[in-house]
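Data first, discussion second: the structure below is written as structure tokens.
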Amino acid sequence: MNNYHDRGIIKWLPFDGLAGFHDMLSEMLFNMNKASMPQLLEDRLEDLNRTLQEAIETQKELYVKYFDNGQFKDDLISIKSIDPIKKIIISRYKKQYHLSQIIDLKLID
């Protein structure tokens, strides 16, 4: 009688001999690729403020480039409101952007 039981694909899975090694390696690679937050000069901050005010007045969409967790991200938003106390921009899609994270703003015509 043949008692052979084929394990299928399981026998070809890589061996993870050290518990958590794969997770630690993934986190280390992620941290190596992180960038540092750029410092914006006063004139650049004034330009961003003017663009933000114009977008609110004209109800135009904005292209936003922001810094989040060591990475540069971009998004296309339409401003719903601005919370001056918390310093956040709230988009019409309920997404929030902290003003200190914003690097660039461009109006979409």
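The values are calculated or read from the model by the stated rules, or taken from the named source; none is laboratory data. These numbers come from a predicted model, not from an experiment. Virtual Cβ from ideal backbone geometry, glycine too; neighbours counted across all protein chains shown.
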Task: Top-ranked residue of segment 48-105 - restricted to ones that are surrounded by fewer than 17 Cβ atoms within 10 Å (Cβ to Cβ) and of a type in the set (F, W, Y), ranked as nearest to N33 (Cα to Cα) - done: F72
Open item on the list: Restricting to segment 36-47, give me the number of residues that are of a type outside the set (K, R) and either under 23 Å from K95 (Cβ atoms) or surrounded by 10 or more Cβ atoms within 10 Å (Cβ to Cβ) (or both).
Closed with: 6
- [ ] List the number of the failed condition for K94; all other conditions in (1) in contact with an Asp or Glu (Cβ under 8 Å, 6 or more places away or on another chain); (2) at pLDDT below 90 hold.
- [x] (1)
TODO: State which residue is modelled with the highest pLDDT when the search covers only segment 1-25 and only residues that are surrounded by 10 or more Cβ atoms within 10 Å (Cβ to Cβ) and acidic (D, E).
DONE: D23
- [ ] Could you tell me whether any residue of segment 26-35 is of a type in the set (A, V, I, L, M) and either surrounded by 13 or more Cβ atoms within 10 Å (Cβ to Cβ) or in contact with a Cys (Cβ under 7 Å, 6 or more places away or on another chain) (or both)?
- [x] no
